[in-house]
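Asks: Mind having a look at this structure? Questions to follow.
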Amino acid sequence: MIATKRIAVFEDNANQRERYAGTIQSLGMEPVRVDTPPHFSEIESFLTENGITGVISDHRLTEGHYADYLGAQLLKVCYGLHVGAVLLTSYTKLDSNTTLRIHRRWLPCVINADLLQDPRVELMTALEQVDAEVRQGQLPKQREPFRAVMSITRTETVANRQMVRVLIGQWNPAQEVAFPLEMVPSELRHRIKTDELLVAQVNLDAEKQEDLYFENFELPDADTYRESQAFFDHP
C-alpha cells in the first residue's frame, strides 16, 4: 500500500494541471492543484502544512513565471522529506544532460509527458515506484550506485554551460555520456581534461544514458589507473 493519497500537482500550464488532477482523482486519491506555488524556501512547509504525501510535477516550472525553481529541484526537496514524487516533462531528451542530470540522483521516475498512453495506469505505477524508493527505502537495481571509473573524452561549451563528456567502461565503453562541469567539486575541476580519468558513484545498471546519475566525484589513485586498463583497452 502506498502512502501517496494526497497528491500535489505542480504544472505551469493550467489546462495540463487540471488534466493531471483529474487523473489523480480518478485513481481514488485527492489532488491538490498548486495554482500558486510556494517560493523555493517555503516548499518544505507547504508540503507539510498541506499534508502532501505525493507530488507530480512538470520540470520547466520557471516558464511563464509560474515558479522560481525547476521541477527537478522540487523533487530533490521531496526526496529529502521522504515524499514520493514523479517528474513529467516533454524535455526528457533536451534536458537529460543538463538540468535533469544535475539532480538525477533524486529523481526516481522521469516520464516523457508526450509519450503517455494510459495516464491512469502509468501514473499509478510511477507513484508506487517512487513511494517504494523514497518512503520505504527500496532502491531498485537500476538506481543502485557503484564506484565507476570514467575516461574524459572532451569538454565543450553548450548554451553557455560547460559540459564534460566521458566513457564509462563498466557501463558501456562505446557510448559517451555528458554532465555539467558544475557537478564536479571546484577543487577537482583543474583535472578535467581530455584523456584524464575521473571516479564517481554511478548507477551502472541503468538501461539508458539519460537515467545515469553521478555523485561523490574523486580523482583516481595509482591502483585505479592500472585497473582502468581492463575497462578502456579494447582491441
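Asks: Show me the strands (runs of 3 or more DSSP E) entirely contained within segment 155-235 in which 3 or more residues are more than 18 Å from the chain's Cα centre (by Cα), at pLDDT 95 or above and outside the structural domain of Leu107 (by TED's automatic domain parsing).
Replies: On the way: elements: 161-168, 172-180, 197-202, 214-218.
Ranges flagged: 161-168, 172-180, 197-202.
Asks: Could you tell me which residue of segment 34-49 is nearest to Asp114 (Cα to Cα), considering only residues that are of a type outside the set (A, V, I, L, M, F, W, C) and surrounded by 13 or more Cβ atoms within 10 Å (Cβ to Cβ)? Spell out the reasoning first.
Replies: Just the residues of segment 34-49 that are of a type outside the set (A, V, I, L, M, F, W, C), to begin with: 35-39, 41-42, 44-45, 48-49.
Those still in the list that are surrounded by 13 or more Cβ atoms within 10 Å (Cβ to Cβ) too: 37-38, 44.
Numbers: Pro37: 24, Pro38: 27, Glu44: 29 Å.
Among them, the one singled out is Pro37.
Asks: Could you please let me know if Ala14 is more than 23 Å from the chain's Cα centre (by Cα) and aliphatic (A, V, I, L, M)? Step through it out loud before you land on a result.
Replies: Working: more than 23 Å from the chain's Cα centre (by Cα): yes; aliphatic (A, V, I, L, M): yes.
Spelling it out, Ala14 is indeed more than 23 Å from the chain's Cα centre (by Cα) and aliphatic (A, V, I, L, M).
Asks: Does segment 21-31 include one or more residues that are touching a Phe, Trp or Tyr at 6+ places or on another chain (Cβ under 7 Å) and of a type in the set (A, V, I, L, M, F, W, C)?
Replies: Applying the first criterion (touching a Phe, Trp or Tyr at 6+ places or on another chain (Cβ under 7 Å)) to segment 21-31 yields none.
No, because not a single residue in segment 21-31 is touching a Phe, Trp or Tyr at 6+ places or on another chain (Cβ under 7 Å) and of a type in the set (A, V, I, L, M, F, W, C).
Asks: Additional query: Only one of (1) within 15 Å of Asn97 (Cβ to Cβ); (2) in contact with a helix residue (DSSP H, G or I) (Cβ under 8 Å, 6 or more places away or on another chain); (3) buried (at least 17 other Cβ atoms within 10 Å of the Cβ) is not met by Val202, so which one is it?
Replies: Going through the list (1) within 15 Å of Asn97 (Cβ to Cβ); (2) in contact with a helix residue (DSSP H, G or I) (Cβ under 8 Å, 6 or more places away or on another chain); (3) buried (at least 17 other Cβ atoms within 10 Å of the Cβ), Val202 breaks only (2).
Asks: Given the condition more than 14 Å from the chain's Cα centre (by Cα) and either closer than 27 Å to Asp223 by Cβ or free of Cβ contacts under 8 Å to residues at least 12 places away in the same chain (or both), answer yes or no: does some residue in segment 101-113 qualify?
Replies: Here is the first cut: in segment 101-113, the ones more than 14 Å from the chain's Cα centre (by Cα) are 113.
Adding the requirement that they be either closer than 27 Å to Asp223 by Cβ or free of Cβ contacts under 8 Å to residues at least 12 places away in the same chain (or both) leaves none.
No, segment 101-113 contains no residue that is more than 14 Å from the chain's Cα centre (by Cα) and either closer than 27 Å to Asp223 by Cβ or free of Cβ contacts under 8 Å to residues at least 12 places away in the same chain (or both).
Asks: For segment 71-82, what are the residues that are surrounded by 24 or more Cβ atoms within 10 Å (Cβ to Cβ) and either more than 11 Å from the chain's Cα centre (by Cα) or in contact (Cβ under 8 Å) with a residue 60 or more places away in the chain (or both)?
Replies: Gly71, Leu74, Cys78
Asks: Go through (1) assigned by TED's automatic domain parsing to the domain that holds Arg60; (2) exposed (fewer than 14 other Cβ atoms within 10 Å of the Cβ); (3) closer than 18 Å to Thr92 by Cα for Ala126 and report which single condition fails.
Replies: (2)
Asks: Does segment 50-69 contain any residue that is surrounded by fewer than 21 Cβ atoms within 10 Å (Cβ to Cβ), within 15 Å of the chain's Cα centre (by Cα), at negative phi and without any contact (Cβ under 8 Å) to a residue 40 or more places away in the chain?
Replies: Yes; the residues of segment 50-69 include at least one that is surrounded by fewer than 21 Cβ atoms within 10 Å (Cβ to Cβ), within 15 Å of the chain's Cα centre (by Cα), at negative phi and without any contact (Cβ under 8 Å) to a residue 40 or more places away in the chain.
The values are calculated or read from the model by the stated rules, or taken from the named source; none is laboratory data. Being a predicted model, the structure only gives us computed values, none of them experimental. Every residue, glycine as well, gets a Cβ built from its backbone with ideal geometry; the counts of neighbours run over all protein chains shown.
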